[in-house]
Amino acid sequence: MSTLQAVKQDELEVTQQYIDEVFETVMRRNPHEQEFHQAVKEIFDSLVPFLAKHPVYRKNNVLERMIEPERMLTFSVPWMDDEGNVKVNRGYRVQFNSALGPYKGGLRFHPSVSASIIKFLGFEQIFKNSLTGQPIGGGKGGADFDPKGKSDAEIMRFTQSFMTELSKHIGPDTDVPAGDIGVGAREIGYMFGQYKKLRGANEAGVLTGKGLDYGGSLARKEATGYGAVYFVEEMLKDQGLTFEDKTVVVSGSGNVSIYAMEKAQELGAIVVACSDSSGYIYDEKGIDLEIVKSLKEEQSKRISEYLNERPEAEFYEGGHGIWTVPCEIALPCATQNELDETSADVLISNGVIAVGEGANMPSTLEAIEVFLKNGVLFGPAKAVNAGGVAVSALEMAQNSGRLSWSFEEVDDKLKEIMKDIYKTSMEASEKYGYSGNLVVGANIAGFKKVADAMIAQGVI
Ligand code: NDP
């Protein structure tokens, strides 16, 4: 008899009713925050069998406590553009849950950033960080600032103003931000410089994703993309499959996408398409990654310019089009809700075997449902893309010990962590009667550790 069968049907129904009530509270307290609602719903739906089996969590009101950020900061970020005009953006930092360690999570600079986006990312981060096995709590932040088209001097002035306020709330033992969309090594460098100046101390562990010359970790840049591919490799291995000769489509062409493509190619896959917010490129013979790296990492150019070097490739405008490209493995690595139900149907009719979410919440709830119903191997974001934050935690460990590990050392640790996350998530899915469902498995495994730590630390 499975654990699920051991839980009586009426207990499941009562638990479902309880979860629905808590979800109502989330909607009431956070009106119009659709992305946050979506992230909470995905987790809540997974927890029914677990909470029904273990009443201790309900007794301690763990769910109610977890959905309320410990602290939510919003602040103004005034700055001056190159023409002398004064501008102002809104900055955010959510310090969601510190049960497992200092708040940890990236900063996103993108015009779409809102309280809802930051809260969905921060909420997801709690469970993701728990899955890594590292001692880190969940947080996230950013600003509705658009770095596109800004000069280097403007980026510096903006990031310095952002850090002037943020510095009052972070520190190596309290809250450790990193990069995300629109925040890479350059922005982290400017923010680190400003933090150091304000504090009058060199606290290397306050930010991760730093440059290698001043406390950064080797393999951090590659970690999220490589980690995503290591995770999908495990999913495939369980079915007797590998990346070798598989056709792969990767959305985006930023940090996560580039290194997911690199590792997939190293493992013998043929990556035929990638994208940016203007559209996607299709290169039947396989994407030449050096061209993409040069366009995106060095020149900040649009992906369509790939065709200048490879005229035989094709460019198509538009956001969702990339999912019409036939592939066996799809890796959405751009942004939230980029893959909807219709795209999921198209991927399935084109023969997709596995989907691994490199971005945060790239698939809508309906798309996930379609993948699971059709037996597609599906790796959810909080498990698949946890490699980035895992290596950030390794960067913090190196900073504390004033050490510098080799690329191979960090990469080996990353590989082990990703294997472990896969194993833990699979085991949890089996234990609670959803064998092979990694959405349920990752959510339960991530939740349990945080919930136990919260109970152990009392009501504070
Ligand atoms: P980057 O800014 O480096 O790249 C983002 C890529 O996605 C760009 O190609 C961008 O195109 C594209 N993109 C962004 N918004 C949209 C949109 N609305 N429609 C279509 N394409 C879009 O970010 P990252 O690679 O760092 O992050 C990508 C995803 O991975 C995010 O969801 C992030 O939260 C997640 N993630 C990142 C981690 C990391 O370590 N960096 C860790 C874990 C998760 P364009 O340049 O045209 O805007």
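A short reminder: the numbers here are calculations on the coordinates, not readings from a lab. This one's a predicted model, so the numbers in the text were calculated from it and none came from an experiment. Note: ideal-geometry Cβ built from the backbone for every residue, glycine included; neighbour counts use all protein chains shown.
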For the chain, build the charge dipole from Cβ charges (+1 Lys, Arg; -1 Asp, Glu) around the Cα centre, then report which of Ser76, His110, Ser425 sits farthest towards its positive end.
-> Ser76
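How big is the charge dipole of the chain about its Cα centre, in debye rounded to the nearest 20, if each Lys and Arg gets +1 on its Cβ and each Asp and Glu gets -1 on its Cβ? Don't skip to the end; give the middle numbers.
Numbers: 47 positive and 66 negative charges, 367 e Å.
Magnitude of the dipole: close to 1760 debye.
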Which whole number in µm²/s is D for the stretch 193-291 by Stokes-Einstein, with the Kirkwood Rh taken over Cα pairs at 25 °C and 0.890 mPa s?
-> 159 µm²/s
Note to self, the chain gives a 222 nm [θ] from helices alone (DSSP H runs n ≥ 4, -39500 (n - 2.57) apiece, / all residues, nearest 500) of -15000 deg cm²/dmol
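Write down the Å³ per residue value for the convex hull defined by the alpha carbon atoms of the stretch 3-67.
Working: hull volume 4.7 nm³, N = 65.
Each residue corresponds to 72 Å³ of Cα convex hull volume.
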Between Glu298 and Glu341, what is the label-to-label distance in nm when each label sits 7 Å out along the Cα-to-Cβ direction?
-> 4.6 nm
Which whole-number percent is the relative contact order of the stretch 221-384 (Cα, under 8 Å, 6+ apart)?
-> 23 percent
For the stretch 102-115, in order, what is each residue's ³J(HN,Hα) by Karplus, 6.51 cos²θ - 1.76 cosθ + 1.60 with θ = phi - 60°, in whole Hz (x at glycine and Pro)?
-> x, 4, 8, x, x, 10, 10, 10, 7, x, 7, 5, 8, 4
What residues have an amide H closer than 5 Å to that of Gly105, excluding those fewer than 5 places away on the same chain, when H is modeled at 1.01 Å from N in the peptide plane?
-> Gly139, Val176, Ala178
So, with points 7 Å from each Cα along the Cβ direction, the Asn350-Glu13 label distance in nm works out to 4.4 nm
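Which is the longest run of the chain containing none of the trypsin sites (Lys or Arg not before Pro) found in DSSP loop states (not H, G, I, E, B) with at most 12 other C-beta atoms within 10 Å? Before the final figure, lay out the partial values.
Numbers: sites that count: Lys8, Lys148, Lys168, Lys285, Arg402.
That would be 9-147.
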About the Cα centre of the stretch 91-178, how large is the charge dipole given +1 on each Lys and Arg Cβ and -1 on each Asp and Glu Cβ? Please answer in debye to the nearest 20.
-> 120 debye
Using the Cα atoms of the stretch 221-384 to build a convex hull, what is its mean projected area in square nanometres?
-> 8.3 nm²
Could you give me the radius of gyration and the Dmax of the stretch 57-103, taking only the C-alpha atoms into account and expressing both in angstrom?
-> 17.7, 59
Of the options Val183, Gly122, Ala99, report the single residue whose Cα projects farthest towards the positive end of the charge dipole of the stretch 71-207 (beta-carbon charges: Lys, Arg +1; Asp, Glu -1).
-> Ala99
Tell me which lysines have Cα within less than 21 Å of Lys59's Cα, excluding those fewer than 8 residues away on the same chain?
-> Lys8, Lys41, Lys448, Lys449
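When Rg is the radius of gyration of the Cα atoms in the chain and Rh is its Kirkwood radius, what does Rg/Rh come to? If you can, show how the numbers build up before the last one.
On the way: Rg = 21.4 Å, Rh = 22.4 Å.
Using only Cα positions, Rg/Rh for the chain is 0.96.
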Of Lys150/Lys263; Lys140/Lys382; Lys128/Lys221, which sit over 23 Å apart, Cα to Cα?
-> Lys150/Lys263
